[in-house]
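Notes follow the structure.
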Amino acid sequence: MSHRRPLALLVLILSLALLGACGKAEKALDTAGLSVGKDLTNLMGEATRMFSGITDLESAKAALPKLTDLDTTLGELVAKAADLSAESKQSLSGLVKGAMPALEAAVAKVSAMEGGISDTLKPAIDSMMGKLKTLT
């Protein structure tokens, strides 16, 4: 149980940093953009936590359905973002850029794992990261 405390603390710190960075960008979002921004912030935080919790092939396989669901939801958010004002799109880009370092660190960790973990998660990772890059 004690080995989970540092991981939980890391996830908490990353989440707080994510929220702090996102707060500034959310102020410039209009009503529709604010909704997309909050949903996107929550999604990226959830994805970061999911990737951070992967420790072996079994946990990667267990996380895959949820990551696939998050990827589908991300696609819906990207479609909604296309209809936002230019100012909201710019603010949304700031939200994504602020959250990317934590997500990229978690993705890099699982991508470096051996034993089939990287191969299992690669399609979900590639799809999610590709969609997020369209928002930056």
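The values are calculated or read from the model by the stated rules, or taken from the named source; none is laboratory data. Since the structure is predicted, the reported quantities are computational estimates derived from the model, not experimental observations. For neighbour counting, all protein chains shown are included, and Cβ atoms are generated from backbone atoms with ideal geometry for every residue, glycine included. For accessibility, only protein heavy atoms count, side chains too; no ligands or nucleic acids. Shrake-Rupley method; radii C 1.70, N 1.55, O 1.52, S 1.80 Å.
So, with a 1.4 angstrom probe, what is the percent of accessible area on region 57-136 that is carbon and sulfur? Percent of accessible area from carbon and sulfur atoms in region 57-136: 56. This model, with +1 at the C-beta of Lys and Arg and -1 at the C-beta of Asp and Glu, gives region 67-136 a dipole about its Cα centre of some 220 debye.
Shown in residue order for region 38-47 are the 3J(HN,Hα) couplings computed by the Karplus curve 6.51 cos²θ - 1.76 cosθ + 1.60 at θ = phi - 60°: 5, 4, 5, 4, 4, 4, 5, x, 5, 4 Hz (x for Gly and Pro).
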